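Sharing a structure here in structure tokens format.
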Amino acid sequence: MFLLPLILAAFPAQCSSIDGGAVFHDQSPVYCSPLEPVPGDTVSLRLRAVHNDLTSVTVRIWDTGLNGGAGGEVLVPMYVEGQVGPGNQFDMWRADIQVGTDHLWYRFRLEDNGCVDYYQITGTLDWATVSIPDFQIHPGFQGPPWARGAVGYQIFPDRFRNGDPSNDPQTGQWEYPSPGQFITGHSNWNATPTGGTDFFGGDLLGVWQGSDYLDWLGVEFIWFNPVFESRSNHRYDAVNYDHIDPALGSDQDFNLLVRGLKRKGIRVILDGVLNHCSSWSEWFDRYEQYAWTGAHEDPVTSPWGDWFTFLPGFDHNTAPENYCSWFAINTLPKLDFSNPAVRDRMVRAPNSVLRGWLQTGISGWRLDAVEDVGAGCSGGDHTVWQEMRSFLKQDNPEALLVLEEWGDATDWLHGDQFDGVMNFNGFLFPMQDYCLNRSISTQDFVDRFTRGARAYPATANHSSWNQLGNHDLSRALTRAGGDASRLLEATFLQFTLPGTPVIYYGDEIGMTGGADPDNRRTFNWNTNTWNVQLTRLTKRLAKLRGTHPALREGSFDPFWLHHTGRVLVFAREHTAETLVAVASSGNNDLDVTIPMGRYFPAGAVLEDLLTGNTITVNASRNLVLTGSDRLEAHGARLYRAL
């Protein structure tokens, strides 16, 4: 990031005359248009403030392309475009900026008769600070429109549904993870998982048999954990990248599934593991399973010998583990991406792993262990992902590219690599702490989520995946201490906050499970065991996502909090509509009076989209939830004006 050094002492104290809480901007259609500009476009930035509260507003831009790439400051004055809101109580400030190819960072300088505040991604501040990022514009960074705020569903293939018992792995059928150790095949679908070597028989036909349910639920895309040939049940250690694992079905079965799901309006995202393969793979062949010479057998003569990194002293027989592997797990030898042949095979060639499978009609990739990919034993090679984007977007501009990253993903989201990230840092962890284990306050949650929701360029902010759990974490309901009301609340927020909600299979029916492998239990198709309230809420929210653009790409304005009662009220504003969500994380029912004048006038009749119930904003422009309208513990509302 290039930011102008700031002399904080030069800035005055926060202006008491400026209503900083009412100032608002984010990268949603009302306030930033177009969301995904290309070089040559004019971007209109808008900022809302109380009428006559500010005497001037300036957009302070840091243009990274100025001064030979060292960057430079550009100041653009804003003007009042008009008045907005009930009773025209707000001024809408506007500035139009023609963009080139340079990456831009921007913030706002707010002035009231010489008193100055600043607006950055966390809101109004008394001075600008480098510890808080600015908003970003990356001209040319465009993601697939279908993915923006879509509803996803993660499937661990062995555990969703068994459609073809004839391909079920049998106990002792093959060795893994080492010679003399064998896999286990369960005959009881409801048995308890034991690790990476036990199989339940879930397969592609089972997914097809369950696809009517997924369609009913409102799923728009499925993210499959790896499906390529492997000896483990998780398949993050491929033996062969060119074929579907026979325990799941055939290549033809997969092609038919992709086409059939597409007819239902459900896309497929595959899980790509480029960093490492299996020690049993046809390239590495540590245990001499193939007729040819694998890299481990003889790194000098094997055609794949220089695809891996062997350490000093390596010997196939006497020092067999002296090679680079992922996290020193010897079943996962690491591919060396300094080798052009590896890049060609995995990324660049027309029949490479990524490009070849894209030709089957899938809609994109989730890439595993992205930060670990690189030369030799090292990681952090961004050129691999730059090449990936170049080739895959050329093949299919609508392909979605999402990375796994548990921390800050800024370095991968400049528009030249990925469209979005699995949003652990900005969504899952704050949501876990707020709703599931209740270890942080409502204000802490708002601060963490707001920073996460605005941390990246607009494309990434709207296309990143918001999950409550996945195959690497204990089940959401288990992390909530078994309290289903907490999961109901978390699910409501998952679907009403910005981003792309992705359901981990079974979370929507109330499945439980501890750490891996217990979090990978089989889907329970006995509907008598389901938490029907949770399932119905998920279905209702998914349907609302499909019909209300404000939920897919609208703003996020957390304009009222009840701190002791743990109530969060936020608006999702869009050019087509405005919705207001009310979410309680408290353990007690509450009578609450919510000021709604920022978005709705006195007398406005509001409909709760969850129930169809209506309520009227009173003469003081408040929403009074009392009596039969009282806000329940962990309750939720989603209002629109009729």
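The values are calculated or read from the model by the stated rules, or taken from the named source; none is laboratory data. If you're wondering where the values come from, they're calculated on a predicted model, not measured in any experiment. When we count neighbours, we look across all protein chains shown, and the Cβ atoms used for this are built from the backbone with ideal geometry, even at glycine. Ligands, DNA and RNA are stripped out before the accessible areas are found, and what is left, the full protein with its side chains, is counted by its heavy atoms. Shrake-Rupley method; radii C 1.70, N 1.55, O 1.52, S 1.80 Å.
How long are the semi-axes of the equivalent ellipsoid of the range 66-194, defined as square roots of 5 times the Cα gyration tensor eigenvalues? Whole Å, largest first.
In descending order, the three semi-axes are 58, 21, 16 Å.
OK, next. ALA70 versus ALA319, label points 7 Å from Cα toward the beta carbon: distance in nm?
Going by the 7 Å Cα→Cβ label model, 4.9 nm.
Viscosity 0.692 mPa s, temperature 37 °C: what is the translational diffusion coefficient of the range 403-475 from Stokes-Einstein with a Kirkwood Rh over Cα pairs, rounded to a whole number of µm²/s?
Answer, rounded: 262 µm²/s.
Specify which residue in the list ALA515, LEU610, HIS562 is farthest towards the positive end of the charge dipole of the range 509-634, using unit charges on the beta carbon of Lys, Arg (+1) and Asp, Glu (-1), about the Cα centre.
ALA515
While we're on this one: If you bin the C-alpha pair distances of the chain every 20 Å from 0, what whole percents do you get?
Per 20 Å bin, starting at zero, the Cα-Cα P(r) for the chain comes out as 18, 48, 28, 5, 0 percent.
Once the piece of chain linking GLN209 and ASP608 is laid out straight, how much longer is it, given 0.36 nm per residue of separation minus the C-alpha distance between them?
140.2 nm
How large is the Kirkwood hydrodynamic radius of the range 402-528, counting all unique pairs of alpha carbons, in Å?
14.9
Let me ask something else. Out of all Cα-Cα pairs in the range 323-453, roughly what percent, to the nearest whole number, are more than 21 Å apart?
Beyond 21 Å sits 50 percent of the P(r) for the range 323-453.
Report the paramagnetic label zone for THR301: residues of the range 264-285 whose backbone N is under 17 Å from a point 7 Å from Cα along the Cα-to-Cβ axis.
284-285
May I pose another question? Given the convex hull over the Cα atoms of the range 514-642, what projected area results after averaging over all orientations, in nm²?
10.3
Leaving ligands and nucleic acids out of the surface, order VAL268, VAL130 by accessible area at 1.4 Å, largest first.
VAL130, VAL268
What does the convex hull of the Cα atoms come to per residue for the range 28-113, in Å³?
84
How much net charge surrounds ARG448 when only the other residues with a Cβ under 14 Å from the Cβ of ARG448 are counted, with Lys and Arg +1 and Asp and Glu -1?
So the environment of ARG448 carries a net charge of -2.
Another question about this same structure. At what distance in nm do the modelled label points of THR42 and TRP146 sit from each other, each positioned 7 Å from its Cα along Cα→Cβ?
3.4
Tell me, how many Å apart are the Cα centres for the range 86-156 and for the range 410-428?
17
First select every other residue whose beta carbon is under 13 angstrom from the beta carbon of THR575; then total the charges, Lys and Arg +1, Asp and Glu -1.
0
Which value, in debye to the nearest 20, describes the size of the charge dipole of the range 368-419 about its Cα centre when Lys and Arg Cβ atoms bear +1, Asp and Glu Cβ atoms bear -1, and nothing else is charged?
For this selection, approximately 180 debye.
Using θ = phi - 60° and the Karplus form 6.51 cos²θ - 1.76 cosθ + 1.60, what ³J(HN,Hα) does each residue of the range 286-294 get, whole Hz, x for Gly and Pro?
4, 9, 6, 8, 10, 6, 8, 8, x
By what distance, in whole Å, do the Cα atoms of the range 149-213 stretch along each of the three principal axes, largest value first?
Answer, in whole Å and largest first: 46, 27, 18 Å.
Starting with the highest mean, order 195-201, 148-154 by the number of other Cβ atoms within 10 Å, averaged over the residues of each peptide.
148-154, 195-201
Which ³J(HN,Hα) values, rounded to whole Hz and listed in residue order, are derived for the range 596-606 from phi using the Karplus coefficients 6.51, -1.76 and 1.60 in 6.51 cos²θ - 1.76 cosθ + 1.60 with θ = phi - 60°, glycine and proline given as x?
These are the phi-based 3J(HN,Hα) values: 10, x, 5, 10, 10, x, 4, x, 5, 9, 10 Hz.
Quick one: which residues, 5 or more positions from PHE182 or on another chain, have an amide H under 5 Å from its amide H? H modelled 1.01 Å from N in the peptide plane, none for Pro or chain starts.
TYR176
Follow-up. Can you tell me which of 100-108, 342-350, 225-233 comes out highest on packing, and rank the rest after it, using the mean Cβ neighbours within 10 Å?
Descending mean neighbour count gives 225-233, 100-108, 342-350.
Counting only residues 5 or more places away or on other chains, whose amide H sits under 5 Å from the amide H of SER230 once H atoms are built in the peptide plane?
Close amide H contacts, sequence-distant or interchain: VAL239.
A further question on this structure: So if R0 is 25 Å, what FRET efficiency would ASP472 and ASP395 give, r being the distance between their Cβ atoms, rounded to the nearest 0.05?
0.25
R0 = 35 Å: FRET efficiency of TRP406 with THR527, Cβ-based, nearest 0.05?
0.50
In whole Hz, what ³J(HN,Hα) sequence does the range 624-638 give by Karplus (6.51, -1.76, 1.60; θ = phi - 60°), x for Gly and Pro?
9, 9, 8, x, 5, 9, 3, 7, 6, 4, 6, x, 8, 9, 9
Taking all protein chains as present, what is the carbon and sulfur share of the accessible area of the range 186-237, in % to the nearest whole number, probe 1.4 Å?
After summing per-atom areas, the C and S share lands at 47 percent.
How many Å³ per residue does the convex hull of the Cα positions in the range 240-321 occupy?
113
Give me the Kirkwood hydrodynamic radius of the range 573-641 in Å, from all C-alpha pairs, to one decimal place?
12.3
State, to one decimal in nm, how far the label point of PHE182 lies from the label point of THR626, with both points 7 Å from Cα in the Cβ direction.
7.3
Determine, from the Cβ-Cβ distance of ASN330 and THR564 and an R0 of 45 Å, the FRET efficiency 1/(1 + (r/R0)^6), rounded to the nearest 0.05.
0.25
Alpha carbon centre of the range 600-621 versus the range 321-399: separation in Å?
52
Using the heavy atoms of the protein chains and a 1.4 angstrom probe, tell me the accessible area per residue for the chain in square angstrom.
Roughly 36 Å² per residue, with all protein chains present.
While we're looking at this one, here's another question. Just to confirm a number: summing +1 for Lys and Arg and -1 for Asp and Glu over residues other than VAL80 whose beta-carbon lies under 15 angstrom from that of VAL80, what do you get?
-3
How do 601-613, 569-581 rank on mean C-beta neighbours within 10 Å, highest first?
Put in order of decreasing packing, that is 569-581, 601-613.
In debye to the nearest 20, how big a dipole does the chain give about its Cα centre with +1 on each Lys and Arg Cβ and -1 on each Asp and Glu Cβ?
Roughly 1860 debye, rounded to the nearest 20.
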